[in-house]
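Participant: Have a look at this one before I ask anything.
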Amino acid sequence: MIFTAPEVSDYAGIEAALSDAFARAQAAARDGEPIVFVLSQEHLLGQRGAPGAMLANALLSGMRTLAAEKHAANAVAIGAEADPGHVAHWVAQLEAGRGVRGELVRVDAAHVGKVQV
């Protein structure tokens, strides 16, 4: 199961996305299907506003909890200018579910703190 975090702008959007992610991840976990969350690196670092950051980090937390419960759950954080081929490669690798769980792979994503304005 691949869940790509949508862009959200308010609490209702966050709630809808988390409800959808929960239902899909729960079904995948029951079926023993690998789970991959695709997140924005900028949202993970809080660089594009609170709603996106809240969603991305909630999904990351959910992924880690699923992995702690021994499910093949991982995440990919993509940079703003990520090469789609690179993203597809890493999503496919994690979706294969070959002994990897609880990993966050950053694809074409700088890992620096919040940009000061």
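Computed from the coordinates by the stated procedures, all read-outs in this text should not be read as laboratory data. The model shown is predicted, which means the values in this text are computed figures rather than measured ones. Cβ: placed from backbone, ideal geometry, glycine included. Neighbour counts: every protein chain shown.
Participant: Asp31 versus (1) touching a residue at least 40 places away in the same chain (Cβ under 8 Å); (2) farther than 17 Å from Val105 by Cα; (3) surrounded by fewer than 18 Cβ atoms within 10 Å (Cβ to Cβ): which is the lone unmet condition?
Facilitator: (1)
Participant: Separate question: Has segment 47-56 got any residue that is crowded, with 19+ Cβ neighbours inside 10 Å, under 20 Å from Leu104 (Cβ atoms) and not aliphatic (A, V, I, L, M)?
Facilitator: So far as segment 47-56 goes, yes, one or more of its residues are crowded, with 19+ Cβ neighbours inside 10 Å, under 20 Å from Leu104 (Cβ atoms) and not aliphatic (A, V, I, L, M).
Participant: Only one residue in Ala56, Ala75, Ala67, Ala50 is in contact with a Lys or Arg (Cβ under 6 Å, 6 or more places away or on another chain), under 21 Å from Asp20 (Cβ atoms) and not basic (Lys, Arg), so which one is that?
Facilitator: Ala67
Participant: Also, quick follow-up: Consider only pairs whose beta carbons are under 8 Å apart and that are at least six residues apart or on different chains; among these, list those whose first residue lies in segment 63-87 and is surrounded by fewer than 18 Cβ atoms within 10 Å (Cβ to Cβ) and whose second residue is of a type in the set (Gly, Ala, Ser).
Facilitator: From segment 63-87, the pairs are Arg64/Ala73; Arg64/Gly102; Ala68/Gly102; Glu69/Ala29; Gly79/Ala109; Gly79/Ala110; Ala80/Ser40.
Participant: So, of the residues in segment 8-25 that are surrounded by 13 or more Cβ atoms within 10 Å (Cβ to Cβ) and not small (Gly, Ala, Ser), which turns out to be nearest to Val91 (Cα to Cα)?
Facilitator: Arg24
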